[in-house]
1. With respect to the numbered conditions (1) open to solvent by 10 Å² or more (accessible area, probe 1.4 Å); (2) under 20 Å from THR214 (Cα atoms), which one is the sole condition not fulfilled by GLY149?
2. With respect to ILE137, is the statement that it is assigned to a loop (DSSP other than H, G, I, E, B), of a type in the set (A, V, I, L, M) and at pLDDT 95 or above true?
3. Can you tell me which residue in segment 79-112 is modelled with the lowest pLDDT, limited to those that are of a type in the set (D, E, K, R) and in contact with an Asp or Glu (Cβ under 9 Å, 6 or more places away or on another chain)?
4. In segment 205-237, what residues are out of contact with any strand residue (DSSP E or B) (no Cβ under 9 Å at 6 or more places or on another chain) and at pLDDT 95 or above?
5. Find the residue count for segment 240-255, including only residues that are aromatic (Phe, Trp, Tyr) and either over 21 Å from the mean Cα position of the chain (by Cα) or not in a loop (DSSP other than H, G, I, E, B) (or both).
6. Can you confirm whether segment 37-55 contains a residue that is open to solvent by 80 Å² or more (accessible area, probe 1.4 Å), more than 27 Å from ASP216 (Cα to Cα), among the basic types (Lys, Arg) and modelled with pLDDT under 70?
7. Restricting to segment 158-207, and then to whatever is touching a residue at least 60 places away in the same chain (Cβ under 8 Å) and small (Gly, Ala, Ser), can you tell me which residue is most open to solvent (accessible area, probe 1.4 Å)?
Amino acid sequence: MTNESQEHGAARRPVEDEVDVVAEETQKPAKGDKPEKKGSFWKELPVLIVVALVLALIIKTFVVQAFYIPSESMENTLLTNDRVLVNKLVYHTRDIERGDVVVFSGVDSWDGEFEMAEPSNPVEGFFRWVGTAFGIIPGEKDYIKRVIGVGGDHVKCCDSKGRITVNGTPIDEESYLYPGDVPSDEFFDVTVPQGRLWVMGDHRSVSLDSRSHTGDPGGGSIPEGQVIGRAFVIVWPFNRFDTIDIPDTFAQPALQALGGSAPLVAGFGMAVPLVLVRRRLRRRR
């Protein structure tokens, strides 16, 4: 007796073989489909790096920038080789305040507290630019100091107890002044012009700050427009991570009242003589 396959003249394969054949056929790529190329990630990597650099530069230019501390002028608040983050937006929402630690540009103004050799070739110049932009190396003409007086303030050294006074009010600098330093070993008595700042380093004995530039235009003060931003946190080394706050001494009501009313007082001072002159002219008529 013959089975069905023999009747048709051909032997059928087992069911298992049929399943394998179907599986193999379904795994074959369709005609026209290109197989994935190996190494596509490495081709995209340069593009990713460029995009990351562009985004980082945009953030650095407009929002936050890292800065390298190259000198001892702000010890012990900031140490040499510290890296800080600087907020570039804060002064678009509020005024610069006494006690702020600010980074500012000294281009065409102050001489550097340290000197760097000029790049020997364009490649070295490019890597220096990148390093400065990302806070890996210091900017030769960037400075970091503490704001002691703002426009209109009368800043003087010193009172009978050796303290700096702002608008006649002594400030207590013990919390941030370098141990063993006095507030100043140089006498000064200045009224800060409007739109300018009187700045000093926390390590007074080595800081080349406003006191060292009293013969410059502005009497040692710096233009507010040269301020890059406010240093608000130490990010490197990790064991020194900390915020940079405004000391409590700058919150004294006497300072705030006098400083805030200075432009108003000046306005009244100019207005009163004009009113008196106007009344005299009316009487004569």
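1. (1)
2. Values: assigned to a loop (DSSP other than H, G, I, E, B): yes; of a type in the set (A, V, I, L, M): yes; at pLDDT 95 or above: no.
Against the criterion (assigned to a loop (DSSP other than H, G, I, E, B), of a type in the set (A, V, I, L, M) and at pLDDT 95 or above), ILE137 does not qualify.
3. If we filter segment 79-112 for residues that are of a type in the set (D, E, K, R), which is where we start, we get 82-83, 88, 94-95, 97-98, 100, 108, 111.
The next check asks that each one be in contact with an Asp or Glu (Cβ under 9 Å, 6 or more places away or on another chain); those that pass are 95, 98.
On the way: ASP95: 95, ARG98: 98.
Applying the filter and picking the extreme gives ASP95.
4. Across segment 205-237, the qualifying residues are SER205, VAL206.
5. In the first step, residues of segment 240-255 are kept if they are aromatic (Phe, Trp, Tyr); the result is 241, 250.
Within this subset, residues satisfying the condition of being either over 21 Å from the mean Cα position of the chain (by Cα) or not in a loop (DSSP other than H, G, I, E, B) (or both) are 250.
Count: 1.
6. If we filter segment 37-55 for residues that are open to solvent by 80 Å² or more (accessible area, probe 1.4 Å), which is where we start, we get 37-38, 41-44, 47-50, 53, 55.
Of the ones still in play, those that are also more than 27 Å from ASP216 (Cα to Cα) are 37-38, 41-44, 47-50, 53, 55.
Add one more test, that the residue is among the basic types (Lys, Arg), and what stays is 37-38, 43.
Remaining after also requiring modelled with pLDDT under 70: 37-38.
Within segment 37-55 (the criterion being open to solvent by 80 Å² or more (accessible area, probe 1.4 Å), more than 27 Å from ASP216 (Cα to Cα), among the basic types (Lys, Arg) and modelled with pLDDT under 70), the answer is yes, since at least one residue qualifies.
7. Ranking the candidates gives SER175 first.
The values are calculated or read from the model by the stated rules, or taken from the named source; none is laboratory data. Quick caveat: nothing in here was measured; it's all calculated off a predicted structure. Virtual Cβ from ideal backbone geometry, glycine too; neighbours counted across all protein chains shown. Side chains included, ligands, DNA and RNA excluded: accessible areas come from the protein's heavy atoms. Shrake-Rupley method; radii C 1.70, N 1.55, O 1.52, S 1.80 Å.
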